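Down below is the structure, laid out as structure tokens.
The numbers here are math on the coordinates, done by the rules we state, and not lab data. In this text, all values refer to a predicted model and were calculated from it rather than measured experimentally. Virtual Cβ from ideal backbone geometry, glycine too; neighbours counted across all protein chains shown.
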2 protein chains.
Amino acid sequence: MRSKIYLSLVHYPVYNRNRDIVSTSVTNFDIHDISRSCGTYQIKGYRLIVPVEAQKKLTERIVTYWQDGMGGQYNKDRERAFEITNVSESLEETIKEIEEKEGKRPIIITTSARKFTNTIAFKDLSEKIRIDENPYLLLFGTGWGLTDQVMDMSDYILEPIRANTKYNHLSVRSAVAIILDRLLGED
Amino acid sequence: MRSKIYLSLVHYPVYNRNRDIVSTSVTNFDIHDISRSCGTYQIKGYRLIVPVEAQKKLTERIVTYWQDGMGGQYNKDRERAFEITNVSESLEETIKEIEEKEGKRPIIITTSARKFTNTIAFKDLSEKIRIDENPYLLLFGTGWGLTDQVMDMSDYILEPIRANTKYNHLSVRSAVAIILDRLLGED
């Protein structure tokens, strides 16, 4: 059910270009565009996972500006998009928060360009989440992608967006929009 | 056919908050995210319509940096995304460019939250462009949207992305991604 779906943008742990595990910086457009997509598709929550204290504080300030501050007064649609947005310091904290709210540990979904034994098609996941009572958490990586450890703890890996082409260079903001549309498009 | 589809982001003429006709500023993320989406869905061209000379020069400099400069050497995927991107000073110039290249004036498509007599469903437009030999030009507005004059010159108006909900606050970058996926998703 739409009302039990959460989405996270993970800034740690992710790979950099050289496959070191790093924490990436928050991009303002990732806060805005993804909040707006999550709001439009009416999911329950959007969590930016930001472990670096200074980055976390800055992100919280931007979110609060639109939730309670001048931003929301200037643009009511944007205020509404930010209602579901928050910052979290780790993936574990986000899972715990959902578990406490929903009474169940969320089913974790990630995306990958590769095939895994637990790869799931869009159509199948779309049907599943529409009828399932369980909460779901969709994870998106930044940098050069989520670490193997995060992939290993995922219940399902969603098939690639452009399965039949070699070139896929979508921004994470565009990927989030397309995936929400494919899973929750029209009622 | 995918190979005859063009997409433009229009910075003029669009409305501002008070429904004055204005020229908006170019946003760097509109250049990158939309080039990447257009590249991934393999359409023929992406044109940023920017009539203000200083803005046009700046946008051209960014595009060239990724097409021919250091950017492309650093990131080959990004270089490839920018191959189809260019700046144009007006909608008329863009239409003329396509007409000269393709030997036919493009069929113009816009999007709107409202219903028009020439509103077309995603499914119908998707079928049409896959078989049609004509070039197509998909227009996206910035600011508070394309002017009535542009809407009037459009051959078809695409139905809203979220037809069954009241709240739709997608960024133009997300809207472009979802619309390309719905029209050209998988072969």
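A Cα-only calculation for the range A:91-183 places Rg and Dmax at 13.4, 41 Å. The three principal axes of the C-alpha atoms in the range A:42-95 carry coordinate ranges of 33, 27, 10 Å, sorted with the longest axis first. Other protein chain C-beta atoms within 10 Å of residue C-beta, averaged over A:174-185: 6. Entry note: the range A:29-68 has Rg to Rh equal to 0.98, where both radii use alpha-carbon atoms and Rh is the Kirkwood radius. Separation of the range A:17-41 from the range A:96-128 is 19 Å, based on Cα centroids.
Label positions at residue A:96 and residue B:76, each projected 7 Å from the Cα along the C-beta direction, are separated by 4.4 nm. Size estimate for the protein assembly as shown follows the Kirkwood approach: the inverse of mean 1/r over distinct Cα pairs works out to 21.5 Å. The aspartates and glutamates within cross-link reach of residue A:123, meaning a Cα-to-Cα straight distance under 15 Å and a gap of 8 or more places when in the same chain, are A:132, A:159, A:181, A:186, A:187, B:181, B:186. Each label was represented as a point 7 Å from its Cα along the Cα-to-Cβ direction; for residue A:68 and residue B:52 these points are 3.5 nm apart. Scalar couplings 3J(HN,Hα) for the range A:143-148, obtained by applying the Karplus form with A = 6.51, B = -1.76, C = 1.60 to θ = phi - 60°, are x, 9, x, 5, 6, 4 Hz; x denotes Gly and Pro. Label-to-label distance, residue B:113 versus residue A:104, with points set 7 angstrom from Cα along the beta-carbon direction: 3.5 nm. Remark on chain B: hydrodynamic radius 16.8 angstrom, per the Kirkwood mean of 1/r across alpha carbon pairs.
Could you check how many percent of all C-alpha pairs in the range B:7-102 are farther apart than 18 Å? Everything past 18 Å amounts to 47 percent. Taking the Cα centre of chain A as reference, the dipole from Cβ charges on Lys and Arg (+1) and Asp and Glu (-1) amounts to some 500 debye. Peptide packing: for B:159-168, B:176-185, the average count of neighbouring Cβ atoms within 10 Å per residue gives the ranking B:176-185, B:159-168, highest mean first.
Taking the average, over residues, of other Cβ atoms within 10 Å as the packing measure, peptides A:85-97, B:44-56, A:50-62, A:29-41 rank A:29-41, B:44-56, A:85-97, A:50-62 from highest down.
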